[in-house]
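The values are calculated or read from the model by the stated rules, or taken from the named source; none is laboratory data. This one's a predicted model, so the numbers in the text were calculated from it and none came from an experiment. Positions of Cβ are generated from backbone atoms using ideal geometry, with glycine treated the same way; all protein chains shown enter the neighbour counts.
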Amino acid sequence: MGEDYHFVTNGAAGAIAVRDAQLTQPRIYFHTTDIDASVRKVVEFGGEGDDVQSVPDVGRIAHCADDQARRSACANRRADVVPGGPPRRGGPLNIPAPGSVLLSQAHVLGESMEHFRPVGGLGRAATALVGLAAVGNVAATAADWLTYTTVRDYRAGAGTAAGVSAADKFTVAASAGSSLLTLLAGVVFISWLYNARINAELVTPATEHRRSRLWVWLGWFVPVVNLWYPKQVVDDVWRASDPRQQDVPLRQRAQDRLTTRWWAPFLVMWIFGNSYLRGYNADGSWTTDSFLNAAVLSTISALAGIIAAVLTAQLVRRISEFQSAPPPVA
């Protein structure tokens with residue numbers, strides 16, 4: 001074919017055809033044991049795949065392009081063609097460790113064709129909404145205390161029915177606003193985390209993460225496992241993105257204590273925000289102490305929410321800084 005090939009001697013099993021008169025940029029050949037299935041995957045994920053060709057002394061190859069028109073190729077190399085020697089029209093090529101990770105999971109081999117996703121803007125939006133949700137929780141707590149004092153005074157003969165009605169309307173409005181802000185904050189934060197997870201997989205293969213991408217979303221909603229699955233996802237995204245630990249297998253990398261400091265107040269906020277200690281009068285109405293209990297639990301939840309919001313901002317900022325630029329390919 002007249003191209004100058006260099007085999008990769010570490011990282012992914014493959015080769016690179018360097019730039020020459022026929023190629024406007026280097027072309028990377030990704031080794032695959034099932035080239036036909038790999039080409040089908042390329043097409044399935046929005047790319048293009050040419051017919052498989054046989055190349056003398058090399059094996060079978062198929063030139064491809066991903067969904068952003070970036071050219072590469074899948075290669076099913078002959079068993080007797082070994083990286084590092086003897087190369088075909090060129091010396092062996094060593095790819096630096098970060099590039100090797102990218103090559104080894106370059107998703108044209110069958111997983112997907114993901115590309116780097118900037119997370120800074122989405123992270124800032126998530127931080128702002130989480131902060132607003134914390135403010136909303138404080139407002140809902142104030143409404144709970146207003147309801148308690150109003151009901152207590154009314155039952156003691158020092159208040160009016162109109163006052164109770166006004167307090168009830170304020171509580172409903174504050175609760176609805178708090179719930180809406182919490183929902184928006186959750187959607188944007190998890191969207192940011194999902195994109196960060198995709199970026200993390202570009203430098204640390206998905207198989208090293210403890211949970212699949214599906215759990216980035218489901219982990220927050222499935223009972224029982226939502227007590228620890230989201231933290232595991234965040235831990236793995238952090239460690240996978242940390243440039244200081246790229247030479248260590250993911251599960252052996254140090255875990256930053258910030259994720260634990262963030263998760264603990266979040267759990268307190270969530271648990272106390274969904275707890276109820278109610279007593280009922282003979283007519284079925286709440287006892288006065290029930291309104292007091294609701295206000296106390298709401299206060300604990302709101303205070304924990306403020307702490308969680310501050311730590312969420314730090315968490316998002318650190319991971320976004322790790323992923324401020326696409327990882328190098330070579």
Query raised in the report: Among the residues of the range 288-298, is there at least one that is in the same structural domain as T182 (by TED's automatic domain parsing), under 25 Å from Q323 (Cβ atoms), surrounded by fewer than 19 Cβ atoms within 10 Å (Cβ to Cβ) and not basic (K, R)?
Result: no
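Test A196 against the stated conditions and say whether it is in contact with a His (Cβ under 8 Å, 6 or more places away or on another chain) and assigned by TED's automatic domain parsing to the domain that holds F266.
Answer is no for this residue.
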Report summary line: Here the qualifying pairs (Cβ atoms under 6 Å; residues six or more apart or on different chains; first in the range 179-196 and more than 11 Å from L129 (Cβ to Cβ); second part of a helix (DSSP H, G or I) and at pLDDT below 95) come out as none
Query raised in the report: When only residues in the range 218-227 that are in a loop (DSSP other than H, G, I, E, B) and under 15 Å from the mean Cα position of the chain (by Cα) count, which is surrounded by the most Cβ atoms within 10 Å (Cβ to Cβ)?
Result: G219
Report task. Look through Q245, Q232 and report the one residue that is under 17 Å from the mean Cα position of the chain (by Cα) and either without any contact (Cβ under 8 Å) to a residue 60 or more places away in the chain or not assigned by TED's automatic domain parsing to the domain that holds T207 (or both). Result -> Q232
Query raised in the report: Which is at pLDDT 95 or above and more than 15 Å from the chain's Cα centre (by Cα), of A196, A128?
Result: A128
Report summary line: Q314 meets each of (1) in a helix (DSSP H, G or I); (2) in contact with a strand residue (DSSP E or B) (Cβ under 8 Å, 6 or more places away or on another chain); (3) surrounded by fewer than 17 Cβ atoms within 10 Å (Cβ to Cβ) with one exception, condition (2)
Query raised in the report: In the range 154-161, is there at least one residue being small (G, A, S) and at pLDDT 95 or above?
Result: no
**Report entry** Residue in the range 143-164 that is touching a Phe, Trp or Tyr at 6+ places or on another chain (Cβ under 8 Å), closer than 23 Å to G273 by Cα and among the small types (G, A, S) present
**Finding:** yes
**Report entry** Scan of the range 29-68 for residues that are modelled with pLDDT under 65 and among the aliphatic types (A, V, I, L, M), ordered by number
**Finding:** V58
Query raised in the report: Among R251, R239, which is the only one that is within 19 Å of the chain's Cα centre (by Cα), surrounded by fewer than 17 Cβ atoms within 10 Å (Cβ to Cβ) and either of a type in the set (K, R) or in the same structural domain as A302 (by TED's automatic domain parsing) (or both)?
Result: R251
Query raised in the report: Is one or more of the residues making up the range 263-278 surrounded by fewer than 17 Cβ atoms within 10 Å (Cβ to Cβ), in contact (Cβ under 8 Å) with a residue 12 or more places away in the chain, in a loop (DSSP other than H, G, I, E, B) and touching a strand residue (DSSP E or B) at 6+ places or on another chain (Cβ under 8 Å)?
Result: yes
